[in-house]
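Nothing in this text is a laboratory measurement; each read-out follows from the coordinates by a stated rule. Quantities reported herein were computed from a predicted structural model and do not represent experimental measurements. Every residue, glycine among them, receives a Cβ derived from its backbone with ideal geometry; neighbour counts consider all protein chains shown.
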Amino acid sequence: MDSKFLRVTLLISLLFMVTIFFVVLYANGVGPGQKEEQEVLEELVTEEVLSGQIGNDLYGWMEDENFFDKSEVMEEEDGAVRVNLMATSVEKDMRILVTGPDGKPIEGQFFKVIVNEQDEYKDLDRDGIIYVADLKAGEYKVALEEQPGFIVPASPMPVNVKARVEYVAIGDISLLIKTEEEVDAMAEDGGRITEEIDPTEPTELRTTSTASLGIDVSRWNEEINWNKVKDAGIKYAIIRAGYRGSVTGTLVEDWYFKENVEGATAAGIPIGLYFFTQATNEVEAVEEASMVLTLCKEYDITYPIFIDTEGAGGNGRADALDTKTRTAVCLAFCETIRRAGYEAGIYASKNWFNNNIDTSVLTDDIYVWLAEYGDAVTYDKKYHIWQYTSSGRVLGIEGRVDLNLSYLEPKSNDNIKEEDNRED
């Protein structure tokens, strides 16, 4: 055979073998069609494979949980939310909070706790808070029942249930405070319904030699130009910190609380605070005081902190309290405030003081803020601040505002002294 012809024949044979090799590779899923081939194979996985009968299926390993090493299994566990328990007792009760990694109560889940390995309590409204009342004082163990998707504490939590109210601020009360964005403020804010109706027309500012002129404000006064307020002659402001919902009892921070406190302080106006109560017992009063103390701890409060007790239109959760209970609520609030180092007091109308509060038990260290609209006070008991109108006009505030005459001289939280409650 001619050598030239032989070389050509060998070359053609080699090219043919290479072509056959690549055709075989392509047929086995290597090349541009690999993705489409894999999708076809995945569609052909049988029910037996999905149930764990791997057989000869090339992709059966994807369904085999034992295929992965330990780190892969742990990664699946880490996808669950780790939760913690917190608990507070005020008086023969227990409030249990189920909190997430952010420290806030977990909402939307049906958690259940076991107390002393026998009594079950459920989070029926799924707000991450379980309240247990009517307990005997003593030590308890609280365990959280396992819940799919959550990693619960391995050991029960010890809780000391107190025998009686100690009027000490609750440290974790911040977890219960809501913003007005989180509630139906129009339904919950009973403070917008004034119990005492002001019959007067828009009132001019009053000045006397024995009392100082001030205002009290809340979210209903909206944005305030505090520099103009000071220029108008206002000497102090009593600012609403928040309220308890008249319907649900939720603790709610006033929408403008921070803005008002910081604005008044920056303008050099001394401030006090008030809280619109809907507490139905001493425990809730301590909660309300605790909320105010939590909100104000970074600010200089030189006037008293008041509990605002009045009606919420007849439908409020605390509207029907008897005199004894209402008085106990006010005293519990004030005592909690006082034990934290602040001055405390009660705000109410003349009719409310006369008919709904036992004023005979009010001690000299509880300040009285009286609402009685008109030209003179007819209330025949001690008072320290007189709210004489809700129809005031002050530069820097749109619309009407409450005006007050104070017979207190603010110096510090420990040195607020009482002056004679009289005017020229």
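Each 10 Å bin from 0 upward holds the following percent of the Cα-Cα pairs of the range 173-418: 8, 35, 41, 16, 1. Summarising the label geometry, the points placed 7 Å from Cα in the beta-carbon direction at Asp319 and Val361 lie 2.5 nm from one another. Beyond 20 Å in Cα-Cα separation lie the following of the pairs Lys350/Lys382; Lys104/Lys178; Lys230/Lys382: Lys230/Lys382. For a paramagnetic label modelled on Asn354 (point 7 Å from Cα along Cα→Cβ), amide N atoms under 19 Å away belong, within the range 297-315, to 309-311. Rounded to the nearest Hz, the phi-derived 3J(HN,Hα) couplings of the range 102-110 under the Karplus curve 6.51 cos²θ - 1.76 cosθ + 1.60 (θ = phi - 60°) are 7, x, 9, x, 8, 9, x, 10, 9, where x marks glycine and proline.
Rounded to the nearest whole Hz, the Karplus-based 3J(HN,Hα) values (6.51 cos²θ - 1.76 cosθ + 1.60, θ = phi - 60°) of the range 148-162 follow the sequence x, x, 10, 9, 8, x, 6, 10, x, 9, x, 9, 9, 7, 7, with x at glycine and proline. For the range 99-130, GluC sites (Glu not before Pro) are listed when DSSP marks them as loop and at most 16 other Cβ atoms sit within 10 Å of their Cβ; the list is Glu107, Glu117.
For Leu205 and Leu395, calculate 0.36 nm times their separation in residues minus their Cα-Cα distance, and state this gained length in nm to one decimal.
On the way: separation 190, 0.36 × 190 = 68.40 nm, distance 1.07 nm.
Taking Leu205 through Leu395 to full extension adds about 67.3 nm, to one decimal.
You can think of it this way: the chain between Ala187 and Lys122 has 20.7 nm of extra reach, that is 0.36 nm per residue less the Cα-Cα gap. If Lys and Arg each add +1 and Asp and Glu each add -1, what is the summed charge of the other residues whose beta carbon sits under 15 Å from the beta carbon of Asp358? My count for the surroundings of Asp358 gives +2. When you count the other C-beta atoms within 10 angstrom of each residue and take the mean per peptide, 251-260, 180-189 line up highest first as 251-260, 180-189.
Arranged from highest to lowest average of other beta-carbon atoms within 10 Å per residue, in what order do the peptides 94-106, 306-318 appear?
Taking the mean over residues of other Cβ atoms within 10 Å, the ranking is 306-318, 94-106.
Charge tally around Glu91: other residues with Cβ under 9 Å, Lys/Arg +1 each, Asp/Glu -1 each, net 0.
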